[in-house]
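Only one structure is covered here, and it is reproduced in the block below.
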Amino acid sequence: MLETGIKGKMVITVDEGMTAKAQGSGRLMVYATPAMLALMEETAYRSVEDYLEEGQGTVGTKVSISHVSATPTGMKVTCESELVEIDRKRLVFNVKAFDERGLIGEGVHERFIIDNDKFLRRTQEKLEKEI
């Protein structure tokens, strides 16, 4: 049963593909904000996917994060999420990321529960409609 308090955790090691230079968000070889955001989203959605009904998924709809400390390549990053609010199909998570020296980012991430097939069908219809 989906309820507040569900927690998620993921650990990655920063590689060159996760850097600001590789992600196009800067010129430095440090962990990129878009990569941190992607890890936060993945940690959140994975934490609740086993609680959803067959054929359901979640999509990210809103995010507010701070990236407060740089992380070099080769260092481990741990992301933690906690489901703190459920409003019908809207899910709100607190997310935090840490490297081996401490907090590097935190914020709030919102996701919506969707029917996967219906969502994909509606999305695909965009290609078929005239502009």
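The values are calculated or read from the model by the stated rules, or taken from the named source; none is laboratory data. Just so we're clear, the structure is a prediction, and the values are computed from it rather than from any experiment. All Cβ positions, even for glycine, are placed from backbone atoms using ideal geometry, and neighbour counts span all protein chains on display. Each accessible area value is taken on the protein alone, full model and side chains, heavy atoms only, with ligands, DNA and RNA left out. Shrake-Rupley method; radii C 1.70, N 1.55, O 1.52, S 1.80 Å.
Counting C-alpha atoms alone, how compact is region 6-47: give Rg to one decimal and Dmax as a whole number, in angstrom.
11.3, 37
Determine which lysines satisfy two conditions relative to residue 118: a Cα distance under 26 Å, and not lying fewer than 8 residues away in the same chain.
Partners within reach: 62, 89, 126, 129.
Round to the nearest 0.05 the FRET efficiency obtained for residue 3 and residue 117 when R0 = 22 Å and r is the Cβ-Cβ distance.
Here the calculated transfer efficiency is 0.30.
For the chain, with every protein chain kept in place, what is the accessible area per residue (1.4 Å probe, Å²)?
Heavy-atom SASA per residue in the chain reads 64 Å².
Send over the Kirkwood Rh of the chain, from the inverse of the averaged 1/r over different Cα pairs, rounded to one decimal Å.
15.8
Summing -39500 (n - 2.57) over the DSSP H runs of n ≥ 4 in the chain and dividing by its residue number, what mean residue ellipticity at 222 nm do you reach, to the nearest 500 deg cm²/dmol?
-7500 deg cm²/dmol
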